[in-house]
Amino acid sequence: MKKLLVVDDEEEICDFLKAFFEEREFDVHTAHSGAQALDSVKSASPQVVLLDVHMPGMDGMSVLRQIKQGYPGVKVIMVTAIETQEKIEEAMRLGADNYITKPLSLEYLEKDVQEKISLLTGKK
């Protein structure tokens, strides 16, 4: 089963993406904070994480750093409403597998998540 973790402090975004990917037969977990995200990576073992950059408390960059240190095989797609070249470069240096800006193109997002899982499983 394809496993996805959606991390965003906005519950509506998590719920929407959870429903969207569950319709496509993903096992989807959600987290609303950096600490919850790290717990979920440990307990749910997602293949891909959609990670909001801006969250109160532990921000997405800190979460990305910890995921890549502890679980280097997990693919992380950073998601943000604010795009700056500096943030994109920082995310890529920390090991992000992609950087997507809101509003999200669901078609692009689905394609990107599927590609990341294909890389991990060797299946298309």
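General remarks:
- Shape class of the chain from the Cα gyration tensor (axes a ≥ b ≥ c, square roots of the eigenvalues): rounded, since a/c falls below 1.5.
- Net charge contributed by nearby residues that have their C-beta within less than 15 Å of residue 86 (K/R +1, D/E -1): -2
- Spin-label pair residue 107/residue 19, simplified geometry with 7 Å Cα→Cβ offset, distance in nm: 2.2 nm
- Ranked by the mean number of other Cβ atoms within 10 Å per residue, highest first, peptides 82-94, 24-36, 8-20 order as 24-36, 8-20, 82-94.
- Shown for the chain are the DSSP H helices of 18 Å or more along their axis, judged by Cα atoms, with a mean Kyte-Doolittle hydropathy of at least -1.0: 106-121.
- Whichever lysines have a C-alpha closer than 28 Å to that of residue 87, once near sequence neighbours (fewer than 8 apart) are set aside: 3, 18, 42, 68, 75, 102, 111, 116
- Taking the Cα centre of the stretch 2-121 as reference, the dipole from Cβ charges on Lys and Arg (+1) and Asp and Glu (-1) amounts to some 580 debye.
FYI, it's all coordinate maths here, none of it is from the lab. Being a predicted model, the structure only gives us computed values, none of them experimental. Cβ atoms come from the backbone with ideal geometry, glycine included; neighbour counts cover every protein chain shown.
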